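Comments concern the structure below.
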Amino acid sequence: MTATLVPRTAALPVLADAVPYAPAPAGRRRLLLQLGWAATLLSALLLGFGGYLAVLSGFQEQHFQSTAYKTFRYQLANAVAPTGAAADGTPVALIDIPAIGLHQAVVVEGTSGRDLMRGPGHRRDTALPGQSGTAVLFGRGTAFGAPFGRLSELRVGDKIYATTGQGSFSYTVNAYGDSTHPVRDPAAPARLVLTTSDSGWIPTGTVLVGARLDGDPQPNPYGRPAITAADHALAVDGGALAGLQLWALALLGSVLAATLAVRHWHRRAAYLTFTPVVVALLWAGYENAAALLPNLY
């Protein structure tokens, strides 16, 4: 057989209408670069906020607890600890729950998001622990130290201890509830209800644990103020939005000032000057953003 040879030029495709590569316009490249930087910055801010909630908020709560513990012990020693209505954030009790590893936690007055950043909070319209009536305490389940993060582990018979300006008291766990089934124990002259969120991710309800006072209750002075919308379970502090906007503007201004300083000043000096400012503004912004989350989170 005789092979037929095909000319080399015939095997190659002919690109008659080939379009030459044209780079994107400079304006479009600049826009894409800016969008990329914006997305990176937003991701970094969100990751930073997650780190603040998971780690740094716990240190913030520990710092307040340490200071508040010294203050409250001094008040107990001098018999000046509050036994009735008190200002927001004021230490009003110490609580111990050995079964979940909570020891000498300072309970503050108020249950708004900002109050609960300091530790467990006492709902202002209820009795204090140890008094006749029902004492209601809120505590976060995830952020800011999560003092009530293990509340659902309590079982009937577990002990809860509280110390106030009227003495030391013990409670025995005897009931459970949730958002739609409140704790009911009408026969108890004095009881304690602990409240936290039902989820460590996106809370949609509450977990309630009820306990009876062991022994006789102390007098209740009553006359306490009514609660506000921010004091309810899973409420958010709407007033924190304005604060968040102001801190965000301050942060933006400091970043712009730092950028100008880096260009027209000694770079190391600019970094040393503006880094603490930016960190402080970020912390304040994150704290206000946290106040917009459910108060039991």
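Read-outs throughout are calculated quantities, based only on the coordinates presented, and are distinct from any laboratory measurement. Because the structure is predicted, anything quoted here is derived from the model rather than measured. All Cβ positions, even for glycine, are placed from backbone atoms using ideal geometry, and neighbour counts span all protein chains on display.
Give me the extension gain from residue 96 to residue 125: residue separation times 0.36 nm, minus the current Cα-Cα distance, reported in nm with one decimal.
Contour length minus the Cα-Cα distance gives 8.2 nm.
First measure r as the distance between the Cβ atoms of residue 104 and residue 283, then evaluate 1/(1 + (r/R0)^6) with R0 = 35 Å and state the FRET efficiency to the nearest 0.05.
0.85
Can you work out the base-10 log of I(q)/I(0) for the stretch 54-231 at q = 0.08, 0.10, 0.15 1/Å, using the Debye formula on its C-alpha atoms alone?
Normalising to I(0) and taking log10 leaves -0.21, -0.33, -0.80.
Just need the relative contact order of the chain here, percent rounded to a whole number, with Cα pairs under 8 Å and 6+ apart.
16
Calculate the FRET efficiency for residue 268 and residue 33 from the Cβ-Cβ distance with a Förster distance of 22 Å, rounded to the nearest 0.05.
According to the calculation, E is roughly 0.25.
Please report the base-10 log of the normalised intensity I(q)/I(0) for the stretch 205-280, using a Debye sum with one equal scatterer per alpha carbon and no solvent, at each q in 0.12 (1/Å).
Evaluating at q = 0.12 Å⁻¹ gives log10 I(q)/I(0) of -0.65.
Contour minus end-to-end for residue 74 and residue 180, with contour as 0.36 nm per residue of separation and end-to-end as the Cα-Cα distance?
Net length gain for the segment: 34.1 nm.
Of the options 129, 163, 152, report the single residue whose Cα projects farthest towards the positive end of the charge dipole of the stretch 100-169 (beta-carbon charges: Lys, Arg +1; Asp, Glu -1).
Of the options given, the answer is 152.
Equivalent-ellipsoid semi-axes (√(5λ), Cα gyration tensor) for the stretch 125-195, whole Å, largest first?
Equivalent ellipsoid semi-axes, largest first: 19, 16, 12 Å.
For a distance above 35 Å, tell me the whole-number percent of Cα pairs in the chain that qualify.
The answer is 38 percent, as a whole percent.
According to the Cα gyration tensor, what semi-axes, each the square root of 5 times an eigenvalue, does the equivalent ellipsoid of the stretch 240-291 have, listed from largest to smallest in whole Å?
25, 10, 5
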